[in-house]
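**Student:** Shown below is the structure under consideration.
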Amino acid sequence: MTKENNPFQALEKIFHEPSRLAIMSALCAASSGLTFSELKQECDLTDGNLNRHLKVLKESDVVRIEKAFVDDKPRTTIFLSTKGLDRFNDYLEALTEIMNQTRAALPKTSKSNAIGIAGKKATA
């Protein structure tokens, strides 16, 4: 396989981190963005952890963050950028291709003769 058609080349590390994968997935389902609190709850993250991941995503131009006052209270809303959506979609396509290739390469086994990681026959 050449470098040009190697799906591993499209696996961007920025999205491969589990919390950032959750953030991006949540934002994909929210066309009008999510407030900081909604995103924090959706992804089960602490304030500090979400802030850290959003900083990385914002610096990479994959999210846009708007701060405003609503009823005299500060509100931070996070949106997926167009560039972010394109890059994340490319990442998901590459991940899907890798998963399909891996599934195709797996040996066909049944539960009764499956080999465990340690090389021992698994018990059903």
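**Student:** Can you tell me which residue in segment 17-53 is nearest to the chain's Cα centre (by Cα), limited to those that are under 30 Å from Q101 (Cβ atoms) and without any contact (Cβ under 8 Å) to a residue 12 or more places away in the chain?
**Tutor:** Of everything passing the filter in segment 17-53, L21 is nearest to the chain's Cα centre (by Cα).
**Student:** If you don't mind, another one. Tally time: how many residues in segment 59-93 are out of contact with any strand residue (DSSP E or B) (no Cβ under 8 Å at 6 or more places or on another chain) and within 20 Å of A22 (Cβ to Cβ)?
**Tutor:** 12
**Student:** Let me ask you something else. Against the condition within 16 Å of the chain's Cα centre (by Cα) and modelled with pLDDT under 95, how does A105 come out, does it pass?
**Tutor:** So A105 does not fit the description; no.
**Student:** Condition first: of a type in the set (G, A, S), within 14 Å of F88 (Cβ to Cβ) and in contact (Cβ under 8 Å) with a residue 12 or more places away in the chain. Can you find one or more residues in segment 54-69 that meet it?
**Tutor:** yes
The values are calculated or read from the model by the stated rules, or taken from the named source; none is laboratory data. As the structure is a computational prediction, the values presented were derived from the model and not from experiment. Backbone-built Cβ (ideal geometry, glycine too); neighbour counts: all protein chains shown.
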